[in-house]
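The values are calculated or read from the model by the stated rules, or taken from the named source; none is laboratory data. As the structure is a computational prediction, the values presented were derived from the model and not from experiment. Here the Cβ is made from the backbone with ideal geometry for all residues, glycine too, and neighbour counts use every protein chain on show.
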Amino acid sequence: MKTTTTLLLLVCFNVLSTFGQQKLELSLKKDTDKTTSEAEHVYVIQVKNVSNNSETIYLKANNTSCNQINISQVNLTQKLLQTNNLRIESNEITLKAKESYEFMVKISRPLNTRLNTWNCTEITASSKDMRLSSNSLIIKTFIPNPKDFN
């Protein structure tokens, strides 16, 4: 009985460790080099397929709630771009095992966006069938009042 229980626990642990690992990794490669008063910011992000298989990856950048920020929050516009500034078709890429890919996230504020507010953009990657997922990156953006710079 003790041997069966131990064997069952080992099998469960192996299954959980196999499925519990992130097989996609996101990292910030280059921060924006514009001031906060600019209406548009570009970030370079890297996604890495750390699995042993080729995978079709779905990239997302969406507005999300900013935790621990009590001031007003606004929605901004996000675009996923290749490093040559072309749009990523269907937000999908295919990565071989252990392959990395750099892309850009352009965050823009529409005209008449409320000033002195915040936005949080969450960037994620997942396999098309949702078997694999990445860590998420949160980019916090402050929309200042330009009058405060004079």
In the stretch 89-105, the residues that are of a type outside the set (S, T, Y), surrounded by fewer than 17 Cβ atoms within 10 Å (Cβ to Cβ) and under 18 Å from the mean Cα position of the chain (by Cα): E89, N91, E92, E99, E102
Enumeration of residues in the stretch 118-150 that are within 9 Å of the chain's Cα centre (by Cα), surrounded by fewer than 17 Cβ atoms within 10 Å (Cβ to Cβ) and of a type outside the set (A, V, I, L, M, F, W, C): E122, N135, S136
Counted residues, the stretch 73-92 - those being under 17 Å from T124 (Cβ atoms) and among the hydroxyl-bearing types (S, T, Y): 1
N70 being more than 26 Å from L111 (Cα to Cα), of a type in the set (S, T, N, Q) and loosely packed, with under 11 Cβ neighbours inside 10 Å: no
Some residue of the stretch 76-85 being surrounded by 14 or more Cβ atoms within 10 Å (Cβ to Cβ), modelled with pLDDT under 95 and within 27 Å of Q22 (Cα to Cα): no
T36, sole failed condition from (1) in contact with a strand residue (DSSP E or B) (Cβ under 9 Å, 6 or more places away or on another chain); (2) exposed (fewer than 15 other Cβ atoms within 10 Å of the Cβ); (3) free of Cβ contacts under 8 Å to residues at least 60 places away in the same chain: (3)
The lone exception for K60 - which of (1) more than 18 Å from the chain's Cα centre (by Cα); (2) under 15 Å from L26 (Cα atoms) it fails: (1)
Boolean, N53 is assigned to a loop (DSSP other than H, G, I, E, B) and either over 30 Å from D129 (Cβ atoms) or among the aliphatic types (A, V, I, L, M) (or both): no
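Residues checked against (1) under 21 Å from D31 (Cα atoms); (2) without any contact (Cβ under 8 Å) to a residue 24 or more places away in the chain; (3) not in a loop (DSSP other than H, G, I, E, B):
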| residue | (1), (2), (3) |
| --- | --- |
| T94 | no, no, yes |
| A97 | no, no, no |
| M104 | yes, no, yes |
| I107 | yes, no, yes |
| I138 | yes, no, yes |
| F142 | yes, no, yes |
Only one of K60, K48, K29 that is basic (K, R), modelled with pLDDT of 95 or more, at negative phi and crowded, with 17+ Cβ neighbours inside 10 Å: K48
Search result, residues across the stretch 109-121 that are touching a residue at least 12 places away in the same chain (Cβ under 8 Å) and farther than 27 Å from K23 by Cβ: R109, P110, T113, R114, L115, N116, T117, W118, N119
